[in-house]
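The values are calculated or read from the model by the stated rules, or taken from the named source; none is laboratory data. Because the structure is a prediction, the values reported are computed rather than measured. So basically every Cβ, Gly included, is an ideal-geometry build from the backbone, and we count neighbours across all protein chains shown.
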There are 2 protein chains.
Amino acid sequence: MAKKTAKLKLIPLGGLNEIGKNMMAIEYKEDIMLIDCGMSFPEDEMLGIDIVIPDITYLIKNKDKVRGIVLTHGHEDHIGALPYVLKKLNLPIYGTKLTLGLVENKLKEHKLSGSVHMQVVKPGDIAKLGEFKVEFMRTSHSIADAVCLAIHTTVGTIVHTGDFKVDFTPIDGEPIDLHRLAELGQKGVLLLMADSTNVERPGYTMSERTVGTTFENIFRNAQKRIIVATFASNVHRVQQIINAAYKFNRKVSFSGRSMVNVVNVAMELGYLNVPSDMLIDMNDIDRYLDHEIVVVTTGSQGEPMSALSRIAASEHKKLEIQPGDMVIISATPIPGNEKTVAKVVNQLFEKGANVIYEALADVHVSGHACQEELKLIHSLVRPQYFIPVHGEHRHLKQHAKLAESMGTPPENIFTLENGQVVEISKESAKISGNVTAGNILVDGLGVGDVGNIVLRDRKHLSEDGLMVVVVTITKENGQVIAGPDIISRGFVYVRESEDLMDEARTVVKNALQNCQGNNIREWAVLKSAIKDSLRDFLYAKTKRSPMILPIIMEV
Amino acid sequence: MAKKTAKLKLIPLGGLNEIGKNMMAIEYKEDIMLIDCGMSFPEDEMLGIDIVIPDITYLIKNKDKVRGIVLTHGHEDHIGALPYVLKKLNLPIYGTKLTLGLVENKLKEHKLSGSVHMQVVKPGDIAKLGEFKVEFMRTSHSIADAVCLAIHTTVGTIVHTGDFKVDFTPIDGEPIDLHRLAELGQKGVLLLMADSTNVERPGYTMSERTVGTTFENIFRNAQKRIIVATFASNVHRVQQIINAAYKFNRKVSFSGRSMVNVVNVAMELGYLNVPSDMLIDMNDIDRYLDHEIVVVTTGSQGEPMSALSRIAASEHKKLEIQPGDMVIISATPIPGNEKTVAKVVNQLFEKGANVIYEALADVHVSGHACQEELKLIHSLVRPQYFIPVHGEHRHLKQHAKLAESMGTPPENIFTLENGQVVEISKESAKISGNVTAGNILVDGLGVGDVGNIVLRDRKHLSEDGLMVVVVTITKENGQVIAGPDIISRGFVYVRESEDLMDEARTVVKNALQNCQGNNIREWAVLKSAIKDSLRDFLYAKTKRSPMILPIIMEV
């Protein structure tokens, strides 16, 4: 009998059937390596949750095997879970200079700085993580210094695109390394894992450079101050704003905590070039004439506490909108943020600003590859197997279809769920099982202490509020000696509903008297009687069902 | 001195700086007439609210003057507040046959049927409401039987577009009455009020007919069942689905309460033509072969309880998705619904359905006019004054800009807020004041009983849950004789946080002992002591701030 050959295991721990929380584990013999370690934003039903991170039970179980985390770029959905994961598993981290600069910032906030081994890599480098040889290749994305990966293993080579687009004219002059991808394809690639975010969009994503042209046209005609909101991490976008400001003799100031942080990191590391006499402090903008000012700010998603939202609501300490100010929102709303962005736009218009956003001008391009770019990668890499990553199920499904249209046999394409394990050898591949995977909810300092019951209660409370009913009874004979007292919150405005509250008290009194008449003393039964009678009464009166909390005190 | 001439007053009570809740009052001497009476959906922060309706304080104050409500079409954002308004003001209603058919349905639900005077009108008719002569003109929209209005007054003629698009090839063969609009423009129009919804979009909205072509192409290649989700009220869309089904020999069944209701009304009134042998009951669909079935369903917005959402979640009693079923979502997500629609699409894909939605094919067109259509109306009507209506502030602002580009002097354009009054005479127009206007929140049976305090509490509860602290003290000396008991909901999963709860109890005990040591007996002070100590403790431990409800019982 032939000796059983070792197989590669691909284990997505996040990023599949969802946007964000990207994390892929690759296992071979005694080694596990990780690609990215991202967070995601809570779904609407995750009330009160701050962020969501991957469940790493499988990695903790196999902690002796895990060799490190390779990062493709510095976006939150690729690095945001690092502080939480590193507290459980102290792993070396590999990434490019800017990526690790952003990670360092994050670790400082979590007081983890200095305790983590960080290895700076650059395109062309190869890092060894156990049996894995990870080669870094230049790519383009809506953040500088993004890479894609070729992971060389005994079984074969794996190409992982990270998040990417094909920008032939990137701002930093360093386009995606199509030559190396072609070469790898020529030699033979076992498996491709590729970004699916924009797979529904036909054609090509426009070059980042086109936004610069739009900026110039807008800046040329602006008479007053210009305020541009964009993602802080989109260093190339920020550079283009600076370039346009330079061209039209405007000074630049940065507003918003993350904008200032990221810009400082990017300037220190040489990713952002701002002539020193152009840079002014937000405190000094009033010393200049209107047509000499550009403010670059956070808040392009309408985030309630961001600088732009505060500007729009007249709550910003250093900047008040004047009629004629030009505000450019250089971003597209992430699904779910449409209404918050629209609110900010409306507020800005109301204050007399001239607001330019994606619906009105080409002030944004995506960072993700559209269909024709994806086809280019598939045709260069020509993989034996394909796993679509980074996307909701509909995206993965469309990407599988696209791969099939490019010649990958359907049986070689795996549309997975987080936690599903694919085993690949040189001869064959199959889904071989499942490991624990899922969402860990972070709420304040709590990691994983908010579960379904808590969320269900929050939802109930958010819709109908609550009513607390307190009654004090005697230990001897269960006589009611105080209450029932009723307190409500989030239900009705009490002062205008005194009659309703009085009636509610009577309903509870009657229910309790009924119990006493029947000699019922069990607390559970008393509580049920209170709950049921009150619920029926309130529903009949208001068609609402507040949470009812009966509390019995015994003295 | 010249006699003071009576002026027209335009008073928007809803629909400005918002999407929905459309209601415009026009006042002249002793008469007030209303255009539309719509509802809107609650904003994200209006937790637990069902719908929002206009504040009609001004109308109630002037109830002797109000002559009636003229309806432009049967969408909820134009008729949805009728049951609530009619309970306060019994007014005659004017509308086309289908519009009033839909109103009748609504009044039945609210047990108001028969008590309201409804006057059916048709294009070309003129209704007299006091001094106002209201002329109805055919227009196109994403519902059949929509009209625009010419309101003839002593001061001049007002044109109100309602919601509209310019469809040169509408399904019912009756396009917008451009001839009459041109004639009115020729004679002189005092004021134009026009739909601003799509003013950000360049070009033209495509004809409804183009969707029919897409349906035919999709139906032609479908092998299994076809399920189409669309708005029930989009009767022309439903007709096109039926036409395509007819062409490819499929039977049609309707699913979802509002779909069945609206289809029945539309068939009865002759707006929908379904050969009787094509129509089958949902209970019978399994009697037919897969390629013989089309199901038309509600749920195109991913509404959680809708038929399509239940189908996607395998919770529909009569229809279970089979691999290969074709699902067409013939609608675009209303801003705010993107994520719920995406969720349904993902679930359908997971069940093996072939899902077609707007991102993938032209299965939807808008019901609102884009820039070129708006320009056409402006150029035909040539109004002296212009008020943009139906849109958020950004839309109104863009529409004002468009009107200016079409030759209306900026001082003749009024970008208003709800409640602002514009007075117009033959010679001049100005903003003359304000009346009460705003949002009335409907929650269950409660109309207006949920206000800011209740909403703020719901928000607080939804994010961090609550903690109830109960303590029983004696009347004589304020000794604690029972408790403190602590109950939490929506905060942490209690079983895994017993230590935290124990510590919390100790914190409260200490706070109370402290008060007793200082001989403090006032309840307000005791409650503050409990609240403050517990809040500080919990925030330090969890970085969360649940609502804290201290309750003191005295025996």
### Message
Go through (1) surrounded by fewer than 19 Cβ atoms within 10 Å (Cβ to Cβ); (2) outside any helix (DSSP H, G or I) for A:ILE548 and report which single condition fails.
### Response
(1)
### Query
Can you tell me which residues in segment A:325-340 are within 12 Å of another protein chain (Cβ to nearest Cβ) and at pLDDT 95 or above?
A:VAL327, A:ILE329
### Message
Tell me the residue from B:LYS63, B:LYS87 that is over 30 Å from B:ALA266 (Cβ atoms), out of contact with any strand residue (DSSP E or B) (no Cβ under 7 Å at 6 or more places or on another chain) and assigned by TED's automatic domain parsing to the domain that holds B:GLN119, please.
### Response
B:LYS63
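Criterion first (basic (Lys, Arg), crowded, with 21+ Cβ neighbours inside 10 Å and touching a residue at least 40 places away in the same chain (Cβ under 8 Å)) does A:LYS29 satisfy it?
Spelling it out, it is not the case that A:LYS29 is basic (Lys, Arg), crowded, with 21+ Cβ neighbours inside 10 Å and touching a residue at least 40 places away in the same chain (Cβ under 8 Å).
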### Task
Within segment A:158-196, count every residue that is among the hydroxyl-bearing types (Ser, Thr, Tyr) and touching a Leu at 6+ places or on another chain (Cβ under 6 Å).
1
### Message
Which pairs turn up if I take residues in segment B:306-323 that are farther than 12 Å from B:GLN347 by Cα and look for partners that are assigned to a helix (DSSP H, G or I) and of a type in the set (Val, Ile, Thr) with beta carbon separation below 6 Å, at least 6 apart in sequence or on another chain?
### Response
B:LEU319/B:ILE311
### Query
When segment A:285-304 is examined, which residues are found to be more than 14 Å from every other protein chain (Cβ to nearest Cβ) and in a loop (DSSP other than H, G, I, E, B)?
A:TYR288, A:LEU289, A:THR298, A:GLY299, A:SER300
### Query
Hey, does segment B:440-457 have a residue that's buried (at least 23 other Cβ atoms within 10 Å of the Cβ), part of a loop (DSSP other than H, G, I, E, B), within 9 Å of another protein chain (Cβ to nearest Cβ) and touching a Lys or Arg at 6+ places or on another chain (Cβ under 7 Å)?
no
#### Entry: Residue satisfying condition, being within 14 Å of another protein chain (Cβ to nearest Cβ) and out of contact with any strand residue (DSSP E or B) (no Cβ under 8 Å at 6 or more places or on another chain), within set B:SER428, B:SER462
B:SER462
### Message
Can you tell me which residue is nearest to A:ALA342 (Cα to Cα) among those in segment B:379-418 that are small (Gly, Ala, Ser) and surrounded by 17 or more Cβ atoms within 10 Å (Cβ to Cβ)?
### Response
B:GLY391
### Task
Taking A:MET282 as meeting all but one of (1) surrounded by fewer than 19 Cβ atoms within 10 Å (Cβ to Cβ); (2) assigned by TED's automatic domain parsing to the domain that holds A:ASP163; (3) in contact with a Ser or Thr (Cβ under 7 Å, 6 or more places away or on another chain), write down the number of the exception.
(2)
### Message
Can you tell me which of (1) of a type outside the set (Asp, Glu); (2) assigned by TED's automatic domain parsing to the domain that holds A:ASP55; (3) free of Cβ contacts under 8 Å to residues at least 24 places away in the same chain is the one A:GLY446 doesn't meet?
### Response
(2)
### Message
Which count do you get for residues in segment B:346-386 that are assigned to a helix (DSSP H, G or I), in contact (Cβ under 8 Å) with a residue 24 or more places away in the chain and in contact with a strand residue (DSSP E or B) (Cβ under 9 Å, 6 or more places away or on another chain)?
### Response
6
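Based on what the data block shows, is B:LYS187 modelled with pLDDT of 95 or more and either over 30 Å from B:GLU30 (Cβ atoms) or assigned by TED's automatic domain parsing to the domain that holds B:ILE19 (or both)?
Spelling it out, B:LYS187 is indeed modelled with pLDDT of 95 or more and either over 30 Å from B:GLU30 (Cβ atoms) or assigned by TED's automatic domain parsing to the domain that holds B:ILE19 (or both).
From the list A:VAL421, A:VAL365, which one is touching a helix residue (DSSP H, G or I) at 6+ places or on another chain (Cβ under 8 Å), more than 13 Å from chain B (Cβ to nearest Cβ) and surrounded by fewer than 23 Cβ atoms within 10 Å (Cβ to Cβ)?
The conditions single out A:VAL365.
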### Task
May I ask you to list the residues in segment B:409-432 that are modelled with pLDDT of 95 or more and in contact with a Gly (Cβ under 9 Å, 6 or more places away or on another chain)?
B:ASN418, B:GLY419, B:GLN420, B:VAL421, B:GLU423, B:ILE424
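Of everything in segment B:487-510 that's touching a strand residue (DSSP E or B) at 6+ places or on another chain (Cβ under 9 Å) and more than 10 Å from chain A (Cβ to nearest Cβ), which residue is surrounded by the most Cβ atoms within 10 Å (Cβ to Cβ)?
Step by step, filter segment B:487-510, then rank; the result is B:VAL508.
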### Query
Are any residues in segment A:404-428 of a type in the set (A, V, I, L, M) and in contact (Cβ under 8 Å) with a residue 60 or more places away in the chain, and if so, which ones?
A:LEU416, A:VAL421, A:VAL422, A:ILE424
### Message
Pairs please, first residue from segment B:526-555 and within 10 Å of another protein chain (Cβ to nearest Cβ) and farther than 14 Å from B:CYS515 by Cβ, second anywhere and among the small types (Gly, Ala, Ser) and part of a loop (DSSP other than H, G, I, E, B), Cβ atoms under 6 Å, 6+ apart in sequence or on different chains.
### Response
B:TYR539/B:SER545; B:THR542/A:GLY444; B:LYS543/A:GLY444; B:ARG544/A:GLY444; B:PRO546/B:GLY465
### Task
Confirm whether A:GLY517 is surrounded by 15 or more Cβ atoms within 10 Å (Cβ to Cβ), more than 9 Å from chain B (Cβ to nearest Cβ) and either farther than 30 Å from B:PRO42 by Cα or among the polar types (S, T, N, Q) (or both).
no
